[in-house]
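Taking it in order: structure first as structure tokens, then the write-up.
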Amino acid sequence: MRKIRIGNGYDVHALEAGLAMWLGGIRIEHNKGFVAHSDGDVLIHALCDALLGALGLGDIGLHFPDNAQEFSGIDSKILLKRCMDLVHREGYALGNADCTILAQAPKLRPYIDRMRETLAPILGVGVEDVSVKATTTERLGFTGREEGVAVYATVLLYAE
């Protein structure tokens, strides 16, 4: 039997007018963006947490602290690549990733295919192995009030 590990990640970033919105490794056109130490890519941050969690290696804050100058404004795709390097170093590969974005606005359907195409090569899988879904919270809670965006991510790793 092949050894497998499952990881679950969750991340949230507040929204503020006039900032850039990076999500799933791509720039999203919107009047608000993420308040963050890095580029604030909440989808990639949730993926990083899922990968690290599957390996039992803590969370994104442990590996990339938000008070470290070296990570100030960093492209989150670099963080994801570093997490995948840890996955491979531990003898695993990604089977698939499933991500759900909770955001009232903007409408994300037009961007999802590009997100999947951007993330797949970093994760070392085909586009068909990266699922990205977006939903609203029917105007409920902080995501519904457009105060922030949340993402859930689940990954399946298998021993190489």
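Tabulated results
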item	result
Extended-chain gain in nm, criterion 0.36 nm per residue less alpha-carbon gap, Arg89 and Val125	11.3 nm
Overall form of segment 1-80 per C-alpha gyration tensor (a/c, 1.5; a/b vs b/c)	prolate
Neighbour cut-off at most 14 other Cβ (10 Å), DSSP loop, chymotrypsin sites (Phe, Trp or Tyr not before Pro), segment 76-160	none
Accessible solvent surface per residue of the chain, calculated while the other protein chains remain in place, 1.4 angstrom probe, Å²	49
GNM top mover of Gly58, Gly24, Gly40 - the chain, alpha-carbon springs below 10 Å	Gly58
Proximal lysines relative to Lys107, as straight alpha-carbon distance under 20 Å, when same-chain residues fewer than 8 apart are discounted	Lys32, Lys133
Cβ-Cβ FRET estimate between Phe142 and Lys3, R0 fixed at 30 Å, reported to 0.05	0.20
With every protein chain in place, the chain: carbon and sulfur % of accessible area (1.4 Å)	51
Under DSSP loop assignment and at most 10 Cβ neighbours within 10 Å, longest trypsin sites (Lys or Arg not before Pro)-free interval of the chain	4-138
Relative contact order for the chain, counting Cα pairs under 8 Å that sit 6 or more residues apart, in percent	33
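The values are calculated or read from the model by the stated rules, or taken from the named source; none is laboratory data. Quick caveat: nothing in here was measured; it's all calculated off a predicted structure. Virtual Cβ from ideal backbone geometry, glycine too; neighbours counted across all protein chains shown. For accessibility, only protein heavy atoms count, side chains too; no ligands or nucleic acids. Shrake-Rupley method; radii C 1.70, N 1.55, O 1.52, S 1.80 Å.
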